[in-house]
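Working notes, structure below.
The values are calculated or read from the model by the stated rules, or taken from the named source; none is laboratory data. Predicted model, so just to flag it, every value in this text is computed and none were measured. Please note: Cβ atoms are built from the backbone with ideal geometry, for glycine as well, and neighbour counts cover all protein chains shown.
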Amino acid sequence: MKATFTLLFSVVSFFRVRDKNVSDTYKYIGSARLNGRKLKRPFLSHADIMNGGMLELAMTDRPTR
């Protein structure tokens, strides 16, 4: 299963969330990338979202922490 969520702020600005391998089994976030860079903190700031871009979540079957 795959899911994509998009927030459209204006004609030129959007924030998209995309996951890989989401299912009933793979329900935990194993890693995250924001605009192609590994996200090292477990949260997003308001500015991260408003600046637009892509959040990619790699799902796993076990909690990572």
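Points to keep in mind about this one:
- Top-ranked residue in the range 1-34 [being assigned to a loop (DSSP other than H, G, I, E, B) and closer than 23 Å to R65 by Cβ; ranked as modelled with the lowest pLDDT]: A3
- Note on the range 39-65: residues that are under 23 Å from S13 (Cβ atoms) and charged (D, E, K, R) total 3.
- Cross-chain or 6+ apart pairs with Cβ under 7 Å, the range 34-54 first and of a type in the set (V, I, T), then assigned to a strand (DSSP E or B): I49/F15
- Residue, nearest to L7 (Cα to Cα), within the range 43-65, restricted to residues that are part of a loop (DSSP other than H, G, I, E, B) and under 11 Å from the mean Cα position of the chain (by Cα): L44
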